[in-house]
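Each remark here refers to the structure printed beneath this line.
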Amino acid sequence: MRGKKLSIKPLNVEEIEREEVQTVLNEYFQDPLLEEIERNTRGFLNVCWKVKLKKGNFFLRRYRVGIKKDRIVFEHSLIQHLNKKNFTKIPKLLQTLNNKTFVERFVGQRKLFYALFEYAEGEDRYVWDRPNCSDVELKNAAKTLAEYHAFIYEFKPKYKEGPLIDKLILQYRRKIMKLKPRRRSMFETLLFNHKDKILKEINLVYELLKKSSYNALPRIVIHGDFHLGNMKFINDEVTALFDFDWARIETRAYDVAMALLYNCSKWEERRNPIDLHKLTLFLDAYEEKLKNLKMSWWRLSGKECTLIPILIRAANLYLIDWACDDFYNKKVNDKEYYRYLKHNLNIIEWFNE
């Protein structure tokens, strides 16, 4: 072999991912025959694939780097609770050959977690920042949130309860006050030109919630990220609801308010960034579904309804904090995050007019 060099062809990204997926699937099935994988590019936090095996289609999720095991246990216990309640819009978790709901493995120094779900049929029609759905689709989304709240009502997780939004926004204030410009960008220019306006909004919302006995409102494990991009549709019906990354113990009214902010926003309108017609449709459909489920006693109380506008403002501040965290800790598209922040600022101005 003297004088002859061995040629080793490096693996491309698709081959590396296929090998990764195959390794994880081996924990779930005896000799799984992987026919096809398709990377899902819609998520911000996790890496996901549609996996085609001889026995059917599945959905594999690799959780974000740095997630704690107890957080995954919490999410999975939530999903299993909903599965037991026959909430059919939540894709079921599969168990490994060792009867676990997730796989953990080390890649170099990184500990990675994976979970395999039944594949949910339906169409990914929308993304969170373009909720251009029909009125019928919006009403069905609202009914899905009502179903989720009805089925999750009795769930009592073994998970440490964090601060509610009335305390979280104080953390946002501290973080924003410490921020300093790092580079020339559209996002930072907009942020620092309106920094005082954001801080004023935080102070105002905090005081409004403080006076309202916010802690006395009913609490559940909220979805926390209830937008059309986290749903699938067949015709006008919602067939699947997923992504519990932001699920936590919080007031039910806040979950409704966040859903209204997401799904009733008019992103390209400066003067009217919330569609009041859609907001009314959503709330009416939510209440109607609870009545149909014979849970009229669980409809929004007068106190909750009064606080919805304030909680939409609080949810808007939550999204500003998320955008800042992403911008300063990840490689993101400056123009895209400028658009997010611009919409958040439009909402602040609209409420203060």
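Within the option set Glu14, Glu27, Glu38, being at pLDDT below 90, over 18 Å from the mean Cα position of the chain (by Cα) and under 23 Å from Val107 (Cα atoms) holds for one residue only, Glu14. Of the residues contained in the stretch 311-331, none is found to be modelled with pLDDT of 95 or more, over 22 Å from Gln171 (Cα atoms) and not basic (Lys, Arg). The one condition from (1) of a type outside the set (Ser, Thr, Tyr); (2) free of Cβ contacts under 8 Å to residues at least 40 places away in the same chain; (3) under 26 Å from Tyr172 (Cβ atoms) that Pro218 does not meet is (2). When residues in the stretch 22-53 are screened for being buried (at least 16 other Cβ atoms within 10 Å of the Cβ), of a type in the set (D, E, K, R) and assigned to a strand (DSSP E or B), 1 of them pass.
Across the stretch 62-105, the qualifying residues are those that are β-branched (Val, Ile, Thr) and either surrounded by 15 or more Cβ atoms within 10 Å (Cβ to Cβ) or closer than 15 Å to Val221 by Cα (or both), and the one among them that is farthest from the chain's Cα centre (by Cα) is Thr96.
Could you please find all residues in the stretch 169-199 being among the charged types (D, E, K, R) and in a loop (DSSP other than H, G, I, E, B)?
First, pick out the residues of the stretch 169-199 that are among the charged types (D, E, K, R): 173-175, 178, 180, 182-184, 188, 195-197.
Answer for the stretch 169-199, where residues must be among the charged types (D, E, K, R) and in a loop (DSSP other than H, G, I, E, B): Lys180, Arg182, Arg183, Arg184.
Of all residues in the stretch 259-266, none satisfies being in a helix (DSSP H, G or I) and surrounded by fewer than 19 Cβ atoms within 10 Å (Cβ to Cβ).
So which of Asp225, Asp236 ends up being under 28 Å from Ser296 (Cβ atoms), acidic (Asp, Glu) and surrounded by fewer than 16 Cβ atoms within 10 Å (Cβ to Cβ)?
Details: Asp225 fails: surrounded by fewer than 16 Cβ atoms within 10 Å (Cβ to Cβ).
Answer to the selection: Asp236.
I'd like to know if the stretch 278-290 contains one or more residues that are over 20 Å from Ala150 (Cβ atoms), buried (at least 18 other Cβ atoms within 10 Å of the Cβ) and not assigned by TED's automatic domain parsing to the domain that holds His81. Yes, the conditions are met somewhere in the stretch 278-290. Residue count for the stretch 110-149 under the criterion of being surrounded by 20 or more Cβ atoms within 10 Å (Cβ to Cβ) and β-branched (Val, Ile, Thr): the result is 1. In the set (1) part of a loop (DSSP other than H, G, I, E, B); (2) out of contact with any Gly (no Cβ under 7 Å at 6 or more places or on another chain); (3) modelled with pLDDT under 90, the condition left unmet by Thr88 is number (3). All told, Leu190 meets the bar of being in contact with a Leu (Cβ under 8 Å, 6 or more places away or on another chain) and touching a residue at least 24 places away in the same chain (Cβ under 8 Å).
Could you please find all residues in the stretch 74-94 being touching a residue at least 60 places away in the same chain (Cβ under 8 Å) and not basic (Lys, Arg)? Steps first, answer last, please.
If we filter the stretch 74-94 for residues that are touching a residue at least 60 places away in the same chain (Cβ under 8 Å), which is where we start, we get 74-75, 77-79, 81-82, 85, 87, 89-91, 94.
Those that are touching a residue at least 60 places away in the same chain (Cβ under 8 Å) and not basic (Lys, Arg): Phe74, Glu75, Ser77, Leu78, Ile79, His81, Leu82, Phe87, Ile90, Pro91, Leu94.
When we screen Leu190, Leu179 for residues that are aliphatic (A, V, I, L, M), surrounded by 16 or more Cβ atoms within 10 Å (Cβ to Cβ) and in the same structural domain as Leu283 (by TED's automatic domain parsing), the only hit is Leu190.
The values are calculated or read from the model by the stated rules, or taken from the named source; none is laboratory data. None of these values were measured; they are calculated from a predicted model. Note that each Cβ is placed from the backbone with ideal geometry, even for glycine, and that neighbours are counted across all protein chains shown.
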